[in-house]
Structures are given as structure tokens and as C-alpha cells.
Amino acid sequence: MDKLKADSNNYPTRIAKSSLHLLRWTATWLATTAFAGLGPGLIWDYATLPTILAILVNLGIGFRMILQIKRYVQALDELGQKIFLNAASITLGVGLVCGISYTLLASQKLISFQPEIGHLNSLMALTFVAANYAGARKYR
């Protein structure tokens, strides 16, 4: 964060730079997720060592993305942090409640398909975007 402040004292510029860094780490994480998920079947014929290495790289990039999220939030002003925190808490709650209900539906054989983590990820992403948008509109 200090480097961002040293580069510019202009808040919009700092946030734009921080957002760009976050976008890069998120895109890199998504790419390594796709690589770890598709690589075994398409590239290395389910060999164990490359699969483990791809997952470890994905995990490392994921932790760097988490650190960048932390830096992004620290770069926000108090209102931005409040909006982000509210959106994150709503997302956590929706993910927890809906995720558990989803697995209960499957374990009781009330749905005919196997639950996929991608469904929960999509729900949480949409929830975060909607809650963040609603928070920004509320304080506009």
C-alpha cells in the first residue's frame, strides 16, 4: 500500500492501480485453475506428479490473490471498506447457508444431480457483485 501511496496521492489513481493488480492476480488464478482442472485430461494423461504440481501452483497463486484482495481493501477509503465488508459478509452468509442446504438436498436425494462446487462459486460471485453494487448505490 505504501508503494501505491508513493506513486500517487490521488485516490482514484491508487484505486485504479490496486484494482488492476487484483484483476491480474484473479485472472492468473483463474488460468491456473483451468490448467489444473483441464491439464490432467488434455495434456498429461492423468499423471499424478504434474497434477499435484499444477494444484500446488494454483494454491500458491490463490494465496497471492488473497493477499492482493487484502491490499485492495486497505487501499480503499472508509466508505469503500464498509461497502466491501458488507458485500463480503453477505456473500459469506449466502455461501454458507446455501452450500449446506445444497448438500442436504443431495444427501437426502431430493435433487437428481450431484452438487458441483462451481454452482456455489457462481452463486457467491453473483451475490458479491449484487451486494457490492447495492452498497455503492446506497451511499452514492
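Applying the criterion of being loosely packed, with under 11 Cβ neighbours inside 10 Å and of a type in the set (Val, Ile, Thr) to the residues of the stretch 89-101, the residue that is farthest from Thr127 (Cα to Cα) is Ile100.
The residue that is nearest to Ser89 (Cα to Cα), among those in the stretch 111-120 that are surrounded by fewer than 12 Cβ atoms within 10 Å (Cβ to Cβ) and of a type outside the set (A, V, I, L, M), is Gly118. Among the residues making up the stretch 64-116, those that are among the aliphatic types (A, V, I, L, M) and part of a loop (DSSP other than H, G, I, E, B) are Leu76, Leu110, Ile111. Taken together, Gly37, Gly80 contain a single residue that is surrounded by 13 or more Cβ atoms within 10 Å (Cβ to Cβ) and within 30 Å of Arg14 (Cβ to Cβ), which is Gly80.
Given the conditions (1) hydrophobic (A, V, I, L, M, F, W, C); (2) free of Cβ contacts under 8 Å to residues at least 40 places away in the same chain; (3) within 30 Å of Ile15 (Cβ to Cβ); (4) outside the structural domain of Trp25 (by TED's automatic domain parsing), report the number of the one that Phe128 does not fulfil. Evaluating Phe128 over (1) hydrophobic (A, V, I, L, M, F, W, C); (2) free of Cβ contacts under 8 Å to residues at least 40 places away in the same chain; (3) within 30 Å of Ile15 (Cβ to Cβ); (4) outside the structural domain of Trp25 (by TED's automatic domain parsing) leaves (2) as the failure.
Conditions tested, residue by residue: (1) surrounded by fewer than 13 Cβ atoms within 10 Å (Cβ to Cβ); (2) under 30 Å from Arg14 (Cβ atoms).
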site	(1), (2)
Arg71	no, yes
Ala87	no, yes
Thr103	yes, no
Lys109	yes, no
Leu123	no, no
Ala134	no, yes
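The listed residues are Leu67, Leu22, Leu30, and the only one of them that is outside the structural domain of Ala125 (by TED's automatic domain parsing) and over 24 Å from Ala130 (Cβ atoms) turns out to be Leu67.
Restricting attention to the stretch 14-51, the residues that are in a helix (DSSP H, G or I) and over 23 Å from the mean Cα position of the chain (by Cα) total 6.
The values are calculated or read from the model by the stated rules, or taken from the named source; none is laboratory data. It should be emphasised that the depicted structure is a prediction, and the values quoted were computed from it without experimental measurement. Cβ coordinates were reconstructed from backbone atoms using ideal geometry, including for glycine residues, and neighbour counts include every protein chain displayed.
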